[in-house]
Amino acid sequence: MQVVASEFRKRGGHVEEPRRVTDTEVVRIHDADHVSFFGESAGRAAAFDADTFTSPGTYDAVYLAAGAAVSAVDHVLDSGSGARAFALVRPPGHHAERNRAMGFCFFNNIAIAAAHARARGLARVAIVDYDVHHGNGTQWSFYDDPSVLFISSHQYPYYPGTGAAADIGAGQGKGFTVNLPLAAGATDADYELAYAKVALPILTKFRPELILISAGFDAHRDDPLAGMRLTGPYFGHLTSAIVTVADQCCDGRVVAITEGGYDLTGLAASLRASIRALEGEGASFAAPTGESPRGEATIKAVTPYLADHWKL
Ligand code: ZN
C-alpha cells in the first residue's frame with residue numbers, strides 16, 4: 001500500500017500521515033469496555049479469537065487506522081466540491097462489533113467514520129461494502145438507524161455467516177440495510193448486474209450526503225481466502241460507478257477505506273484501479289460483458305424483501 005501511495009504522490013496527489021482516533025470518536029460505535037479490553041493488548045501479542053491476533057504494534061496501528069478513516073471524512077467535508085479520500089489502513093475494521101474484535105478487526109474503522117460524519121451534522125450517510133466478506137460489524141452498528149444506509153455485496157454462504165437477503169434492518173432502520181449475497185464464483189458480470197439493478201438505484205434514491213466505501217479487494221480472482229473471480233480493473237469500474245452516484249447526489253464526496261485483500265499482486269492492481277476511479281478516471285474501465293447467472297439469482301433473492309422499501 002505504501003508503494004501505491006507513493007505512486008499517487010508522484011502524480012501530484014496529496015498524501016497525509018494519519019492521526020490517532022480519540023476514545024470519544026471510538027465510543028460512538030464501541031462499548032467503553034471493548035476499548036479498555038483492547039487497550040490491555042497495547043505493546044504485546046494477544047489472541048482475541050481463532051484468527052484475530054495482535055502483535056506489539058497492533059494497538060497503535062488500530063488507533064491510527066480509525067484515525068485515518070475519521071481524518072479522511074474531515075478532509076472530504078472541509079475541502080469543498082468533489083473532494084475524495086482513500087484511507088490506506090491495516091488492520092481492517094468491518095467485522096468488529098460493538099463489543100467484540102473478530103475477523104482480523106478490532107475497531108470498526110468505517111462505522112467510526114460514518115458516526116463521525118453524522119456527529120458533524122450530516123443527515124444521511126451511505127456505506128457500500130464490496131469486500132468479499134459480509135460487514136457484520138458495520139451492519140449491526142446501524143441496523144435500526146435510517147440515517148446510515150448499509151449496502152454489502154459478499155460471498156454467501158461464507159465467513160462470518162451473516163448477510164442473508166432477508167436481513168434488511170430493524171425498526172426505523174428497516175430497508176436501510178441491503179445485503180447482496182452472491183454465490184461463490186461470481187464474476188465481474190455478476191457483480192455488475194447486482195449493482196446496476198439493486199445497489200446503485202437504492203444508493204441514488206437514498207440521496208446520501210457522503211458515500212463511504214469499505215474497499216476490500218478479497219473478491220479478486222487470485223485471492224487465496226475467497227472464491228470470487230473479479231478482475232483488478234473491475235474494482236476501478238465499480239468504484240467509478242459509486243463515484244458517479246456521488247457526483248449526482250453529494251457533490252462527488254466519497255471516502256474509501258481499505259478492508260481485506262490477501263493476494264498482494266491482485267490487491268495492488270485493484271487498489272490502483274480504485275484510486276484512479278476516485279481521481280475521476282472511470283472512463284478507462286470498460287463495463288464487463290457476458291452471462292451473470294449468480295447476479296440474477298441474487299436479484300431474485302433480495303427483491304421481495306426490498307420491494308416494500310424501494311422501487312426497484
Ligand atoms: Zn474480507
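The values are calculated or read from the model by the stated rules, or taken from the named source; none is laboratory data. Every value quoted in this text rests on a predicted model; they were computed, and no experiment measured them. Please note: Cβ atoms are built from the backbone with ideal geometry, for glycine as well, and neighbour counts cover all protein chains shown. To get the accessible areas, we keep the full protein, side chains included, count just its heavy atoms, and leave off ligands, DNA and RNA. Shrake-Rupley method; radii C 1.70, N 1.55, O 1.52, S 1.80 Å.
So what is the relative contact order of the chain, in percent, for Cα pairs below 8 Å that sit 6 or more residues apart? Provide the component values of the computation, followed by the final result.
Values: 697 pairs, mean separation 54.3, N = 312.
Relative contact order comes out at 17 percent.
Leaving out ligands and nucleic acids, and using a 1.4 Å probe, what accessible area per residue does the chain come to in Å²? Provide the component values of the computation, followed by the final result.
Working: 12300 Å² over 312 residues.
Solvent-accessible surface per residue comes out at 39 Å².
Using a Förster distance of 22 angstrom, determine the FRET efficiency expected from the C-beta separation of S36 and R90, and round it to 0.05.
On the way: r = 23 Å, r/R0 = 1.03.
It comes out at approximately 0.45.
With r defined as the distance between the Cβ atoms of A196 and D144 and R0 fixed at 22 Å, what FRET efficiency is calculated, to the nearest 0.05?
On the way: r = 28 Å, r/R0 = 1.29.
E between A196 and D144, to the nearest 0.05, is 0.20.
If I require 18 Å or longer along the helix axis, counting alpha carbons, and a Kyte-Doolittle average no lower than -0.5, what helices from the chain are left? Use full DSSP H segments. Present the calculation step by step, with values, prior to reporting the outcome.
Details: long enough: 58-78 (29 Å, 0.81); 232-249 (26 Å, 0.53); 264-278 (21 Å, 1.01); 293-306 (20 Å, -0.15).
Counting only whole DSSP H runs, the qualifying helices are 58-78, 232-249, 264-278, 293-306.
For the stretch 19-164, rounded, prolate or oblate, judged on the Cα gyration tensor with a ≥ b ≥ c (square roots of eigenvalues), a/c < 1.5 rounded, else prolate if a/b > b/c?
Working: a/c = 1.69, a/b = 1.19, b/c = 1.43.
Oblate, because a/c is 1.5 or more while a/b does not exceed b/c.
Compute, for L200, the solvent-accessible surface of its heavy atoms (probe 1.4 Å) with the complete set of protein chains present, and express it in square angstrom to the nearest 10.
Probe radius 1.4 Å; accessible area of L200 about 30 Å².
Non-local amide H neighbours of D131 (under 5 Å, H modeled in plane, Pro and chain starts lacking H): which ones?
G216
Relative to a virtual label point 7 Å from the Cα of L225 in the Cα→beta-carbon direction, which members of the stretch 153-168 show backbone nitrogen distances below 17 Å?
153-163
Output the peptides 235-248, 285-298, 3-16 sorted from most to least packed, where packing is the average of other Cβ atoms within 10 Å over each peptide's residues. Working shown, then result.
Values: 235-248: 22.8, 285-298: 16.7, 3-16: 11.8.
The most tightly packed comes first, giving 235-248, 285-298, 3-16.
Could you order peptides 44-55, 116-127 by the average number of other Cβ atoms within 10 Å of their residues, highest first? Let's see the in-between values first.
Numbers: 44-55: 13.8, 116-127: 19.3.
So the order, starting with the most tightly packed, is 116-127, 44-55.
Can you list residues whose amide H is under 5 Å from L212's amide H, if they're 5+ apart or on another chain and H is modeled 1.01 Å from N?
Placed amide hydrogens put A126, I127, V128, V255 under 5 Å from L212.
Multiplying the sequence separation of A119 and D247 by 0.36 nm and subtracting their Cα-Cα distance, what value in nm do you get? Walk me through the numbers before you get to the answer.
Details: separation 128, 0.36 × 128 = 46.08 nm, distance 2.29 nm.
Separation in residues times 0.36 nm, less the Cα-Cα distance, equals 43.8 nm.
For a quick check: with amide H placed at 1.01 Å from N, whose amide H comes under 5 Å from T258's, ignoring anything fewer than 5 positions away on the same chain?
A87, V89, A215
Is the shape of the stretch 171-312 best called rounded, prolate or oblate, per the rule: a/c under 1.5 gives rounded, else a/b larger than b/c gives prolate, else oblate, with a ≥ b ≥ c the square roots of the Cα gyration tensor eigenvalues?
Numbers: a/c = 1.70, a/b = 1.19, b/c = 1.43.
Oblate, because a/c is 1.5 or more while a/b does not exceed b/c.
Taking a cut-off of 22 Å between Cα atoms, list the lysines near K311, but don't count ones fewer than 8 places away on the same chain.
Correct list for K311: K174, K197, K205, K300.
Going by the alpha-carbon gyration tensor, a ≥ b ≥ c the square roots of its eigenvalues, is the stretch 61-112 rounded (a/c under 1.5) or, if a/c is not under 1.5, prolate (a/b greater than b/c) versus oblate? Write out the running numbers ahead of the final one.
Working: a/c = 2.96, a/b = 2.45, b/c = 1.21.
Prolate is the answer for the stretch 61-112, as a/c is 1.5 or above and a/b outweighs b/c.
Could you calculate the contour length gain from D74 to E7, that is, 0.36 nm times the residue separation minus the distance between their Cα atoms, to one decimal place in nm? Before the final figure, lay out the partial values.
Values: separation 67, 0.36 × 67 = 24.12 nm, distance 2.34 nm.
My answer for the length gained is 21.8 nm.
As an exercise, take the mean of 1/r over every pair of distinct alpha carbons in the stretch 2-306, invert it, and state the Kirkwood radius in angstroms. Don't jump to the answer; show the numbers that get you there.
Details: mean 1/r = 0.0529 Å⁻¹.
Final number for the Kirkwood radius of the stretch 2-306 is 18.9 Å.
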